[in-house]
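Below is one structure, written out as C-alpha cells; comments come after it.
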Amino acid sequence: MPDKQAKNSEHPNLNVGRKAGAVNKATSQAREAIARFVDGNAPSMQKWLEQVADGVKNDEDKYIVLPNPEKAFGMLQSVMEYHLPKLARTEQTEDSTSTVTHIYKWQDD
C-alpha cells in the first residue's frame, strides 16, 4: 500500500491521518459494550432506580434507603449519556417573520 503524500512540502504530515470527526476504535467498542450492558440489564436497572426513588424499607417498616427521586433521575441520566448521543444546541438567527426551511440528513452506520 503506498504511503500518503502531503500536498504541502513544508508540513509533511498535513492532511495525513483520520478524517475529522472519525470515532476512535476503542471508544466505539466501549460504547457498544455499554449499550449491550444497558440493554441486557434494563429490568434490573429499572428495579434499582425504583428502589432509589421510592426507598427501601426493612421488616420493621423503617427506611434502609431513604426515597430520593432526584438521585434516581440523576443516575438514569448518567447511564443515558453513554448510550444516547448528545444533541448540539442550535440557534435561529433569522428574522422571526421569514419562513424557515428545515433540512434533515442522516446516514446509516
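The values are calculated or read from the model by the stated rules, or taken from the named source; none is laboratory data. Owing to the predicted nature of the structure, the values given are computational and were not obtained by experimental measurement. Quick reminder, even Gly has a Cβ in these numbers, built from the backbone with ideal geometry, and neighbours come from all protein chains shown.
Give the number of residues within segment 56-88 that are small (Gly, Ala, Ser), surrounded by fewer than 11 Cβ atoms within 10 Å (Cβ to Cβ) and not in a loop (DSSP other than H, G, I, E, B).
Of all residues in segment 56-88, those small (Gly, Ala, Ser) come to 72, 74, 78, 88.
Next, from what is left, pick out any that are surrounded by fewer than 11 Cβ atoms within 10 Å (Cβ to Cβ): 78, 88.
Then keep just the ones that are not in a loop (DSSP other than H, G, I, E, B); that gives 78.
The qualifying residues number 1.
Here are some residues: Arg18, Arg36, Arg31. Which one is charged (D, E, K, R), at pLDDT below 90, assigned to a loop (DSSP other than H, G, I, E, B) and under 22 Å from Lys86 (Cβ atoms)?
Numbers: Arg36 fails: assigned to a loop (DSSP other than H, G, I, E, B); Arg31 fails: assigned to a loop (DSSP other than H, G, I, E, B).
Result: Arg18 is the single residue among Arg18, Arg36, Arg31 that is charged (D, E, K, R), at pLDDT below 90, assigned to a loop (DSSP other than H, G, I, E, B) and under 22 Å from Lys86 (Cβ atoms).
What are the residue pairs meeting all of these: first residue in segment 15-28, first residue surrounded by 10 or more Cβ atoms within 10 Å (Cβ to Cβ), second residue assigned to a loop (DSSP other than H, G, I, E, B) and not small (Gly, Ala, Ser), Cβ atoms under 6 Å, and 6 or more apart or on different chains?
What qualifies is Val16/Lys4.
Output the residues belonging to segment 71-104 that are charged (D, E, K, R) and under 19 Å from Ser44 (Cα atoms).
Answer for segment 71-104, where residues must be charged (D, E, K, R) and under 19 Å from Ser44 (Cα atoms): Lys71, Glu81.
Consider only pairs whose beta carbons are under 6 Å apart and that are at least six residues apart or on different chains; among these, list those whose first residue lies in segment 64-91 and is among the aliphatic types (A, V, I, L, M) and whose second residue is loosely packed, with under 10 Cβ neighbours inside 10 Å.
Ile64/Asn58
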